[in-house]
């Protein structure tokens, strides 16, 4: 990871992210917007799947908010790459950053597993959400909130 970080930091992207007066601040704001879209979109769906807001049907809610969560994830990836490239060496050595990356991988794997297990059985959730599904939805929300918290803690580690 250290060699890749050094290459990225020395790249044109890294030089631009460090040298531009606006690149890093704009990437930082975009990263925050991406987090809002991701956690705002998937967070509401996760809360519904966990059992809250039962008056809202699951399927239309998920169809309406999942695209926002996916757009947020894409924005996080692009803006995160810009910010990482500005200072990749020290970031790659940070335990907080490494924990954040590990949780992102866990969150993505969790989302894929959730989709594989429950995609075809979501209609029944309006009447009676399964306990394992509810637990997985709550876990998803917890993972993404921890990713956001670790992201903020990177500056202090």
**Report entry** Extreme residue, surrounded by the most Cβ atoms within 10 Å (Cβ to Cβ), among residues of region 114-134 that are part of a helix (DSSP H, G or I) and in contact (Cβ under 8 Å) with a residue 60 or more places away in the chain
**Finding:** 125
Report task. Taking the residues in region 34-58 that are out of contact with any helix residue (DSSP H, G or I) (no Cβ under 6 Å at 6 or more places or on another chain) and in contact (Cβ under 8 Å) with a residue 40 or more places away in the chain as candidates, determine which candidate is nearest to residue 139 (Cα to Cα). Result -> 47
**Report entry** Yes/no for residue 92 being assigned to a helix (DSSP H, G or I), surrounded by 19 or more Cβ atoms within 10 Å (Cβ to Cβ) and modelled with pLDDT under 95
**Finding:** yes
**Report entry** Entirely in region 1-74, the helices (runs of 4 or more DSSP H) that have 1 or more residues that are modelled with pLDDT under 90 and surrounded by 13 or more Cβ atoms within 10 Å (Cβ to Cβ)
**Finding:** 2-10
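The values are calculated or read from the model by the stated rules, or taken from the named source; none is laboratory data. Because the structure is a prediction, the values reported are computed rather than measured. Positions of Cβ are generated from backbone atoms using ideal geometry, with glycine treated the same way; all protein chains shown enter the neighbour counts.
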